[in-house]
Amino acid sequence: MSIVAVGINHKTAPVAVREKISFNPDQLTLALQEMLSAVQCKEAAILSTCNRTELYIVQDGKVELTKERVLQWLESYHKVPAATIMPSLYWHTDEKAVNHMMRVACGLDSLVLGEPQILGQMKQAYSQAKAAGSMALVMDRLFQRTFGVAKQVRTETEIGASAVSVAFAAVNLAKHIFASLDKVNVLLVGAGETIELVAKHLYENNVGKITVANRTLSRAEAMATQIGADVITLAQIPEKMCHADIVISSTGSTLPIIGKGMVEHALAQRKHRPIFMVDLAVPRDIEEQVTDLEDVFLYTVDDLQGIIAKNMENRRKAAQEAEVIVNSQSDSFMGWLRGLNTQDTVISFRKQSIQSRDLLLEKALLQLKGNKSPEKVMAELATKLTNKFMHAPTSAIQSAAQGGELDKLIYLRDIFNIDNNK
């Protein structure tokens, strides 16, 4: 029995290639069932995200044959030539496959080191495989052990404790300045990807109220609808800023949108209650002179980059600790798997031996009922049992001797306790 992990990710291929073999979540059940048949494997699961697509397989056949079948199936299913994707694929078997799955779940193989979203995506892959009926004992145990490892890494290391994106860093900084965000009003200026990420992080942290200001209202409204935010135009910022405890801006403007005078006016209306401001834009959205105001805490993207660089170093150190945990747990799982294989082999061997015994014993009892001499029946039974149990070992020994396989001969002598001195 072998475990195989095959995949393509952000390290091995650009998005133009990755998207060719991504799987639609709505079609994953049928894909898994088709894969079981086409690849002729016992168990299977598929993880498909924007950054990676991976197939996890449990099979009894030769690994090289499995690779060939996987390539043929991917080519057929996605209607893309195998030659297009083959150079970007990576293959892991047994312990390396287990280790890889655990590293993926812990965020150690992610574009952003330690990111937590991948664990949720792994859990989704598990649920979909369960629903499709493509998961049994080994794969189920492997996923459960993988989830346990990810939890252990999150608990025992600082892999996910530090902000490593400007959006997350901005929100994290706000959390340090304000004891709680649930009563805080936030003004977001812009509606691009960075502000969307900021809005998402704020929403996940249960911020009190969000207002989005943008030049194009339709773009802002599309984002605001998802987080229950209000929408205003850039021209309305001066009259609305007095209500904002936090202002985070990221637009493509070539000139500052928020000037010192605008902020001074807002502070006067707020009776000089402080405003926390983050300018994520390059060129700046907020005039540099705003830093001269006593009741403003202004951070630029450069300030956050310094925080991020330090946090990335912390994550790299935590990743080293996580690797130790992953290696230990993958060794442990392989020990369980080897035990399972041993148990299956012992059970099969014992079952086969008992069947042979019962068959010969049944014949012997029929001979006794036919009044055949008990001594002859017993002698014949002993001879047949001996010949039966010696047949396979004798054939193996003869085959090794004829093939000149000395190591195999020594191994067989050890197994059957053959002592040359007796």
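Some notes on this structure:
- Between the alpha-carbon centres of region 35-89 and region 346-411 there is a gap of 43 Å.
- DSSP-defined antiparallel bridges as percent of all bridges, the chain, nearest 5: 45 percent
- Using the average count of surrounding beta-carbon atoms within 10 Å as a protection proxy, the listed peptides 347-359, 97-109, 34-46 rank, highest first, as 97-109, 34-46, 347-359.
- 26 Å Cα-Cα threshold exceeded, pairs from K183/K317; K20/K317; K351/K384; K130/K317: K183/K317; K20/K317; K130/K317
- GNM flexibility winner over the chain from G120, G403, G190 (Cα, springs under 10 Å): G403
- Dividing the mean sequence gap of close Cα pairs (under 8 Å, 6+ apart) by how many residues region 38-94 holds gives a relative contact order of 28 percent.
- Taking region 263-422 and dividing mean pair separation by its residue count, relative contact order in percent (alpha carbons under 8 Å, at least six apart): 11 percent
- Neighbour-count order for I257, I286, fewest beta carbons within 10 angstrom listed first: I257, I286
- A straight Cα-to-Cα reach below 14 Å connects K175 with the aspartates and glutamates E204, D245, residues fewer than 8 places away in its own chain not being considered.
- Charge dipole of region 166-309 about the Cα centre (unit charges at C-beta), most positive-ward option of A222, I307, I275: A222
- Two-site FRET efficiency, D303 against V282, from Cβ-Cβ distance with R₀ of 22 Å, rounded to 0.05: 0.95
- Among G404, T53, N206 - extreme Cα towards positive end, dipole of the chain, charges at beta-carbon: G404
- Using a Gaussian network model of the chain in which every pair of alpha carbons under 10 angstrom is joined by a spring, one finds that among L197, L365, L267 the greatest mean-square fluctuation is at L365.
- When only Cα pairs below 8 angstrom with a gap of at least 6 residues are kept, the chain shows a relative contact order of 13 percent.
Throughout, read-outs are computed from the coordinates displayed, never taken from laboratory work. These numbers come from a predicted model, not from an experiment. Ideal geometry is used to build each Cβ from the backbone, glycine not excepted, and the neighbour counts take in all protein chains shown.
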